[in-house]
Amino acid sequence: MSQSYDRGLIEDFGRWREFSAGMWAWILHKFTGWVLIGYLFMHIAVLSTAIPAADGDPSTYTDTIQGLENVVVIRVLEIGLLATAVFHILNGVRLLMVDLGLGLESQDKSFYAALVVTAAITVASVPTFLGGGVV
Amino acid sequence: MAERYSSFEPHGTNWLLQRVTAALLVVLLSFHFFQLHFLNHAYEVTFAGTRARMEDPAYFATMVLFLVTAAFHGINGIFNALVNQGISGRRKRVAKYGLLLAGLVLVGQGIRVAMAMAGVTFA
């Protein structure tokens with residue numbers, strides 16, 4: 001019979017100093033999820049410039065996208081977006097395994113692995129995101 | 001039996017659909033990122049280039065599938081996070097229908113944008 005832990009409510013964020021690896025994974029998954037859905041709404045809003053573009057003014061779309069891409073802060077935010085998505089994907093796979101009861105005893109190690117792989121992919125993508133136009 | 005730490009009802013439809021859409025999104029999001037940041041570069045995007053990609057029916061269908069899948073996964077994820085946070089009764093109903101409406105607006109506008117990009121009109 002497996003052990004049962006009573007860690008108290010994770011929703012009580014004031015207890016953050018007592019949180020374990022799995023609880024941080026849970027919080028980061030929710031946080032990255034909120035960021036990603038928020039971004040999706042913003043992304044569709046920006047891409048909506050394709051509607052006037054299709055009506056005869058293609059520069060509305062092209063200038064908006066290229067104008068945004070010329071802003072360094074936007075490029076840095078794109079790197080953050082990649083990191084957010086990569087962590088959400090990797091931790092999502094980890095969550096599926098937790099849900100299915102696979103490798104539960106290693107769930108803390110898989111969280112650290114997700115963080116390390118996210119960091120590696122993010123660092124490797126920096127030249128691609130910062131190249132061409134701004135740096 | 002091990003304790004469950006999932007935010008979802010055990011083996012409910014929402015749980016299953018969240019996993020199915022997650023699996024699809026891994027593929028679709030990776031494709032989208034490679035297509036528009038590594039293969040083509042975002043700073044070189046033009047309306048003509050976007051139209052050329054979106055005129056391909058397979059690419060168009062893939063992007064619409066991406067939109068619907070991402071919207072469902074995000075809206076369903078937020079709803080479950082809020083339920084997990086302890087909302088119930090009227091607040092739960094408001095969240096459910098509010099998010100459903102937001103999701104429908106997102107998908108509706110997204111499809112409108114996709115059609116404009118592809119040059120598809122009803123006229």
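The values are calculated or read from the model by the stated rules, or taken from the named source; none is laboratory data. No experiment lies behind these values; they were computed from the predicted model shown. For neighbour counting, all protein chains shown are included, and Cβ atoms are generated from backbone atoms with ideal geometry for every residue, glycine included.
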For residue B:85, which of the numbered conditions (1) within 11 Å of chain A (Cβ to nearest Cβ); (2) more than 13 Å from the chain's Cα centre (by Cα); (3) closer than 25 Å to residue A:53 by Cα fails to hold?
(3)
All but one of (1) of a type outside the set (Val, Ile, Thr); (2) touching a Phe, Trp or Tyr at 6+ places or on another chain (Cβ under 6 Å); (3) more than 9 Å from chain A (Cβ to nearest Cβ) hold for residue B:61; which doesn't?
(2)
Contact list please: Cβ distance under 8 Å, first residue in the range A:73-90 and of a type in the set (Lys, Arg), second residue modelled with pLDDT under 95 and in a helix (DSSP H, G or I), pairs at least six apart or on different chains.
A:75/A:69; A:75/A:129; A:75/A:130
Can you tell me how many residues in the range B:46-58 are more than 10 Å from every other protein chain (Cβ to nearest Cβ) and surrounded by fewer than 16 Cβ atoms within 10 Å (Cβ to Cβ)?
5
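Give the residue, chosen from A:81, A:77, A:102, A:68, that is more than 8 Å from every other protein chain (Cβ to nearest Cβ), of a type in the set (A, V, I, L, M) and over 21 Å from the mean Cα position of the chain (by Cα). Quick ask: steps written out before the conclusion?
On the way: A:81 fails: over 21 Å from the mean Cα position of the chain (by Cα); A:77 fails: over 21 Å from the mean Cα position of the chain (by Cα); A:68 fails: over 21 Å from the mean Cα position of the chain (by Cα).
Result: A:102 is the single residue among A:81, A:77, A:102, A:68 that is more than 8 Å from every other protein chain (Cβ to nearest Cβ), of a type in the set (A, V, I, L, M) and over 21 Å from the mean Cα position of the chain (by Cα).
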Is there a residue being crowded, with 17+ Cβ neighbours inside 10 Å, in a loop (DSSP other than H, G, I, E, B), free of Cβ contacts under 8 Å to residues at least 40 places away in the same chain and within 10 Å of chain A (Cβ to nearest Cβ) anywhere in the range B:34-45?
yes
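Given the structure, is residue A:47 at the interface with another protein chain (Cβ under 9 Å from one of its Cβ atoms), closer than 22 Å to residue B:19 by Cα and touching a helix residue (DSSP H, G or I) at 6+ places or on another chain (Cβ under 8 Å)?
Details: at the interface with another protein chain (Cβ under 9 Å from one of its Cβ atoms): yes; closer than 22 Å to residue B:19 by Cα: no; touching a helix residue (DSSP H, G or I) at 6+ places or on another chain (Cβ under 8 Å): yes.
The answer is no for residue A:47.
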Is the range A:120-127 home to any residue that is more than 10 Å from every other protein chain (Cβ to nearest Cβ), in contact with a helix residue (DSSP H, G or I) (Cβ under 9 Å, 6 or more places away or on another chain) and crowded, with 17+ Cβ neighbours inside 10 Å?
yes
